[in-house]
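S.K.: Have a look at this one.
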Amino acid sequence: MKTRIVATTPFDDQKPGTAGLRKKVSVFQQTHYLENLIQAIFQTAGDFEGKTIVAGGDGRFYNTEALQTLAEMAAANGVRKLIVGRNGLLSTPAASHLIRHRGAFGGFLLTASHNPGGPDGDFGIKFNTSTGGQASEALMDSLHEATRKLQSYSILDIGRLDLDRPGERKYGPLSVEVVDPVTDYADLMETLFDFDAIRDLFGTGFRMCFDAMNAVTGPYGKEILEKRLGAPAGTVVNGSPLSDFGGLHPDPNPVDAASLVEYMASESAPDFAAASDGDGDRNMILGRGLVISPGDSLAVMAAHADKIPGYRDGLAGVARSMPTSRAVDKVAERLGIRCYETPTGWRFFCNLLEAGLIDLCGEESFGTSSSHAREKDGLWAVLFWLNLQAVTGKDVGEIVHDHWSEFGRHAYCRNDYFIADAERAAAVTARLEKQVESMSGNCFGNLTIDKADSFTYVDPVDGSESRQQGIRVFFVDGSRIIYRLSGTGTSGATLRVYLENYLEDPASHSQDAPSATANLAGVSRDIACIEELTGLSEPTVIV
Ligand code: G16
């Protein structure tokens, strides 16, 4: 067995986005493309000699091939041991936990998250450090630099990995330990939530539906909900991970999980429903006839955290990404704790979590989590809501309406514009960046701009500065519009426009979110000249 040094040429498109590098499968399948990226990570993320790393993915098409290549390159780059989920599966939060739990040097997560899978779909890789959290912006920048200079990579033929059987085996100099992907994660959940109370809730005939969208959380949902918590068999639907997600777009939002929304609006709706995404880090929470917006979910969790065993001692602080609704800010104010506002991307929460400044955080993109991991966590959120219903005796609808009566409602909608020509999309934000300084005082119908800026974040832990993280427009009446370009797509560009309207009067709380933000939607198009610059007169998708 001899390490081969393979000559290669750099690719110019390996700049990581919001969470790792995501591309079409066909791009990853190009000769040397995957190898170049992996080698660049080995060169920039520290000294891997003699270290243990974790690897696993969401089971999408190309997962197994990429894992094999990763193992061969890990062996050639001095890695001593690889811990892998059985069949190459690990949800993103379970991988984050495993890295921390086993004291690993880091982990490779093979996923394109909520993006579609299959041969014509997307694939992706991200590297998480020993904290279990996503690599920092600075590390991502050095990684990108390295991909632009790479001339060779190292690889060792160690034979085919046996990923079906748990246990530790040697492949040349590399030890590979295949672990059950669910056990450690499920054990962790038992320490955070009152499983007895949730078991009792199911014992009363409480019914729920968990839609795993044919992605990685199926086995996790079955073990935790059906086996450990005693929910009836069949509670988990679409529960077997498929390499193309059975054709589903595994993004738990009202558009891509429309059938679940319909089910919850029907006569036969169960008491509670939830869905998770491709790699298990996102969640959508539903009550009968009701989808809980991610910002409301975060705010409700913060307000009730002291009722959940893992958070009984109170929260050090909370955080939300900048475009996420300010509902949680109100709760933090009431609790007398700090609420941090970070750029989009889970990695910005990681320093705050490591420093113990926050215990709970969330994003509008259907992500919430806590200090138990360094990634967002779909099933954790589902268990939080189950625990809350068990201890309050209230259903999701009652919990959220009570919350709005107490704090007011932040009606929230995201308008996404898919723009085939990425340059046209960039022109929209470039123009806004230029004009933002002079927007204050401008009127649009009955709305007057109070102030506007381009969001800059200074990390309170390490002082690093992140500029141009989105345009914020605040109105005199308290409403807000945010503009930013998505960092997770693999073709064209998506302009995201986030609309938030604060409704204090309980009489206005029952309207649906698109109606409550319709006026802002029109104004957002006028301010940014969206139709003129992109040709789109309406959003492609509203979530
Ligand atoms: C990723 C990040 C999230 C972020 C989201 C935003 O989610 O992990 O922290 O909020 O992207 O996506 P975009 O840049 O498209 O608005 P995921 O679930 O895709 O890993």
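S.K.: Using a 1.4 angstrom probe on the protein heavy atoms only, could you order 364, 354, 333 from most to least accessible area?
M.R.: Ranking 364, 354, 333 by accessible area, largest first, yields 333, 354, 364.
S.K.: Still on this model: Can you compute the FRET efficiency between residue 169 and residue 526 using 1/(1 + (r/R0)^6), with r the Cβ-Cβ distance and R0 = 56 Å? Round to the nearest 0.05.
M.R.: Efficiency, rounded to the nearest 0.05: 0.35.
S.K.: From largest accessible area down, sort 223, 145; use a 1.4 Å probe on the protein chains.
M.R.: 145, 223
S.K.: Rounded, prolate or oblate: which fits segment 16-170 when a ≥ b ≥ c are the square roots of the eigenvalues of the alpha-carbon gyration tensor, with rounded for a/c under 1.5 and prolate only if a/b beats b/c?
M.R.: Note, shape of segment 16-170 comes out rounded.
S.K.: For a quick check of understanding: with a 1.4 angstrom probe and all protein chains in place, what accessible area in square angstrom does residue 512 have, to the nearest ten?
M.R.: Here the accessible area works out near 90 Å².
S.K.: Given a 1.4 Å probe and the protein chains all in place, what does the accessible area of residue 510 round to, in Å² to the nearest 10?
M.R.: Near enough 100 Å² of accessible area.
S.K.: Under the definition of Cα pairs under 8 Å and six or more residues apart, what whole-number percent is the relative contact order of segment 1-134?
M.R.: Answer for segment 1-134 is 30 percent.
S.K.: Specify which residue in the list 20, 31, 64 is farthest towards the positive end of the charge dipole of segment 1-90, using unit charges on the beta carbon of Lys, Arg (+1) and Asp, Glu (-1), about the Cα centre.
M.R.: 64
S.K.: Is segment 79-163 rounded, prolate or oblate when judged by the Cα gyration tensor, a ≥ b ≥ c being the square roots of its eigenvalues, rounded requiring a/c under 1.5 and prolate requiring a/b larger than b/c?
M.R.: Cα axes put segment 79-163 in the rounded bin.
S.K.: Once you have a ≥ b ≥ c as the square roots of the Cα gyration tensor eigenvalues for the chain, tell me rounded if a/c is under 1.5, and otherwise prolate or oblate according to whether a/b is larger than b/c.
M.R.: oblate
S.K.: Would you mind getting the accessible area per residue of segment 288-383, heavy atoms of the protein chains only, 1.4 Å probe, in Å²?
M.R.: With all protein chains present, segment 288-383 gives 27 Å² per residue.
S.K.: Between residue 240 and residue 7, what is 0.36 nm times their sequence separation minus the Cα-Cα distance? Round to one decimal in nm.
M.R.: 79.9 nm
S.K.: What does the accessible area of residue 42 come to, in Å² to the nearest 10, when a probe of 1.4 Å is used?
M.R.: 10
S.K.: Quantify how much of the Cα-Cα distance distribution of segment 405-543 extends past 20 Å, in percent.
M.R.: Within segment 405-543, distances greater than 20 Å cover 49 percent of Cα pairs.
S.K.: Hey, another quick one. Can you give me the P(r) profile for segment 110-217? Cα pairs, bins 5 angstrom wide beginning at 0, each as a whole percent.
M.R.: In order of increasing distance, the bins hold 2, 7, 8, 12, 17, 18, 14, 9, 5, 3, 2, 1, 0 percent.
S.K.: Starting from the 7 Å offset along Cα-to-Cβ, what nm value, one decimal, do you get for the label separation of residue 391 and residue 47?
M.R.: 4.6
S.K.: Taking every DSSP beta bridge with both residues inside segment 41-198, roughly what % is antiparallel (nearest 5)?
M.R.: 40
S.K.: Still on this structure, please answer the following. Just tell me which aspartates and glutamates come within less than 14 Å, Cα to Cα, of residue 24; anything on the same chain fewer than 8 places away is out.
M.R.: Output for residue 24: 13, 120, 122, 244.
S.K.: Taking a 1.4 Å probe, which of 292, 5 shows the most accessible area, and what order do the others take after it?
M.R.: 5, 292
S.K.: Given 0.36 nm per residue, what is the gain on full extension from residue 508 to residue 433 after removing their alpha carbon distance, in nm?
M.R.: Length difference between fully extended and current span is 23.6 nm.
S.K.: May I pose another question? For the residue pair residue 30 and residue 440, what label-to-label distance in nm results when each label sits 7 Å from Cα along the Cα-to-beta-carbon direction?
M.R.: 4.6
S.K.: Between residue 288 and residue 426, what is 0.36 nm times their sequence separation minus the Cα-Cα distance? Round to one decimal in nm.
M.R.: 45.7 nm
S.K.: Could you tell me which of the pairs 126/434; 330/451; 2/170; 149/376; 15/222 are separated by over 27 angstrom between their Cα atoms in the structure shown?
M.R.: 126/434; 149/376; 15/222
S.K.: Taking every pair of distinct Cα atoms and averaging 1/r, then inverting, what Kirkwood hydrodynamic radius in Å comes out for segment 390-458?
M.R.: 16.5
The values are calculated or read from the model by the stated rules, or taken from the named source; none is laboratory data. None of these values were measured; they are calculated from a predicted model. For neighbour counting, all protein chains shown are included, and Cβ atoms are generated from backbone atoms with ideal geometry for every residue, glycine included. We work out accessible area using only protein heavy atoms, side chains counted, and drop any ligands, DNA or RNA first. Shrake-Rupley method; radii C 1.70, N 1.55, O 1.52, S 1.80 Å.
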